[in-house]
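Q: Here it is: the structure, laid out below.
The values are calculated or read from the model by the stated rules, or taken from the named source; none is laboratory data. A quick note: this is a predicted structure, and the numbers were derived from the prediction, not measured. Neighbour counts are summed over all protein chains in view; Cβ atoms, including those assigned to glycine, are modelled from backbone coordinates with ideal geometry.
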Amino acid sequence: MTEAALLRPALYPRHAELGAKFAAFGGWEMPLEYAGGGVLKEHAAVREAVGVFDVSHLGKATVTGPGAAGFVNACLTNDLGRIGPGKAQYTLCCDDATGGVVDDIIAYLNAADDVFLVPNAANTAEVVRRLAAAAPPDVTVTDRHRDFAVLAVQGPRSADVLAAMGLPTGHGYMSFTSAGDVTVCRTGYTGEHGYELVAPVGRATELWDAIMAAGAEHGIRACGLAARDTLRTEMGYPLHGQDLSPEITPVQARSGWAVGWSKPRFWGRDALLAEKEAGPRRTLWGLEVLDRGIPRPHMTVLSGDTPVGEITSGTFSPTRRIGIALALLDTAAGLVEGSEVEVDVRGRRSRMKVVKPPFVSAGVR
Amino acid sequence: MIPDDLRYTAEHEWVQPEASKVRVGITHYAQDALGDIVYVQLPEPGTEVAAGDSFGEVESTKSVSEIYAPIAGKVVARNDQLGDAPELINSDPYGEGWLVEIEPAEPARVDELLDAASYRRLTEQ
């Protein structure tokens, strides 16, 4: 594969000034961690105070026109009928034939004729392609990936920071409201109370500076995507490309709560209903390390000497100070909560306990 | 960040010759590239190592890096403080964050390692 030039977010100069180390995320060159910070400090800032992430690499797409919401509801898994305008919903774009997850998405319901989608950076073009190909003539699907910046302000002090900026803070979890041209969403992927601000890309720098200024007295830290990964893993939130993929269905990944099972239509419905009925051949579990090992993606999980699954996400939990993982475990192995397994960590056996995530209790509301 | 009085390897380890042994650690450059170090695996004292052997691991939140013996010999000490405080490698890589001490089989071989100027050129490439 040839390496295409990486896109840079509008805030790239700000990140560089803060001494960020950069890494490629879905075709974008994004901050991994910052000088003077590092994963542990940035992670702790979000759990204990407040952190700000530039997540402008996330995709943005609009679906507009008469019946736009109904069209989205007939494609994506979750039931948009469960929410009203001003609410957001976690949903999945599945392959119609296999039920495998093409992407996980947040859908913002503006109105019956206006839905804003935030897919993952790497999958945006594919999600837009699939929706556009299926859309009726009067529904328009537009890729607006580079038109908006997305800044996530996350942590127990996040409301204080937004209040100091004069932005609304009182709306409920998974709802959003507008303040001028900034949309303030009570969303995030850290497990903490937080907000995602969606703004025209030309406003990104001004907004970032305002967040940093207002956050100073609350101990705000610029946080990179490495900390976002440890934060989301502690919550057991899946990452597409690891815990969800076209080869992994929502039934296997325990994401059935994001499927509107009673809907007459959504992509993958037949395959997923059949799999749900028969029972999945493997299921996503959490693993907590009982010794000093740190599990990493693609390591083999063993019960005795029998391979029973594979790690999909694994890291060191800064909060718990142990290794934690998400792993797809074979149903046939008969593992249950509390079962002990081993993981081959580069030739050494590490003992782990099967658990149900989250690994850390959530404070999102 | 590259002390002049140490020797170095291309694998970003430093070596400090002492009377009958050498102290070994990873460089500032290496710890910075790894990020926050959360786990260290070191050989037991008494372990015989050949130059270039992988004899341990330094693991950060995001990645793991093998440590290679810079010189052949016997491991005579390891820094047990790192078990509870692996972050010492980040905060003081050339001091409190040392990894092991090796009694070299051929002490003169230390002179074949990179000097500070050569290592600096390597990290600036």
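Q: Assess whether B:Val64 counts as being within 14 Å of chain A (Cβ to nearest Cβ), of a type in the set (Val, Ile, Thr) and either surrounded by 15 or more Cβ atoms within 10 Å (Cβ to Cβ) or more than 15 Å from B:Glu18 (Cβ to Cβ) (or both).
A: yes
Q: Right, here's the next one. Check A:Ala45, A:Ala23 and return the single one that is in a strand (DSSP E or B), under 22 Å from the mean Cα position of the chain (by Cα) and of a type outside the set (S, T, N, Q).
A: Working: A:Ala45 fails: in a strand (DSSP E or B).
Just a single option satisfies the conditions, and that option is A:Ala23.
Q: For segment A:196-221, which residues satisfy the criterion of being within 16 Å of A:Val46 (Cβ to Cβ) and among the basic types (Lys, Arg)?
A: Matches in segment A:196-221: A:Arg221 only.
Q: Look through A:Tyr237, A:Tyr195, A:Tyr173 and report the one residue that is more than 30 Å from A:Gly67 (Cα to Cα), modelled with pLDDT of 95 or more, more than 14 Å from chain B (Cβ to nearest Cβ) and not in a helix (DSSP H, G or I).
A: Values: A:Tyr195 fails: more than 30 Å from A:Gly67 (Cα to Cα); A:Tyr173 fails: more than 30 Å from A:Gly67 (Cα to Cα).
Matching residue, one of A:Tyr237, A:Tyr195, A:Tyr173: A:Tyr237.
Q: Something else about it: Filter segment B:42-81 for residues that are acidic (Asp, Glu) and in a strand (DSSP E or B); which is farthest from A:Gly293 (Cα to Cα)?
A: Going through the qualifying residues, I end up with B:Glu48.
Q: Moving to a separate point now. Can A:Arg228 be described as in contact with a helix residue (DSSP H, G or I) (Cβ under 8 Å, 6 or more places away or on another chain), buried (at least 20 other Cβ atoms within 10 Å of the Cβ) and closer than 20 Å to A:Arg321 by Cβ?
A: Judged against the criteria, A:Arg228 is not a match.
Q: Continuing with the same structure: Of all residues being within 10 Å of chain A (Cβ to nearest Cβ) and among the small types (Gly, Ala, Ser) in segment B:27-53, which is farthest from the chain's Cα centre (by Cα)? Just the residue, please.
A: That would be B:Gly35.
Q: Going by what's in this entry, would A:Ala332 be described as in contact (Cβ under 8 Å) with a residue 24 or more places away in the chain, farther than 18 Å from A:Leu231 by Cβ, part of a strand (DSSP E or B) and not acidic (Asp, Glu)?
A: no
Q: Of all residues being among the β-branched types (Val, Ile, Thr) and either away from every other protein chain (no Cβ under 11 Å) or farther than 20 Å from B:Ala85 by Cα (or both) in segment A:289-308, which is surrounded by the fewest Cβ atoms within 10 Å (Cβ to Cβ)? Just the residue, please.
A: A:Thr306
Q: Among the residues of segment A:270-283, what is the count of those that are free of Cβ contacts under 8 Å to residues at least 24 places away in the same chain and buried (at least 19 other Cβ atoms within 10 Å of the Cβ)?
A: The qualifying residues number 0.
Q: What residue, of B:Asp84, B:Asp80, is under 30 Å from A:Leu225 (Cα atoms) and exposed (fewer than 15 other Cβ atoms within 10 Å of the Cβ)?
A: B:Asp84
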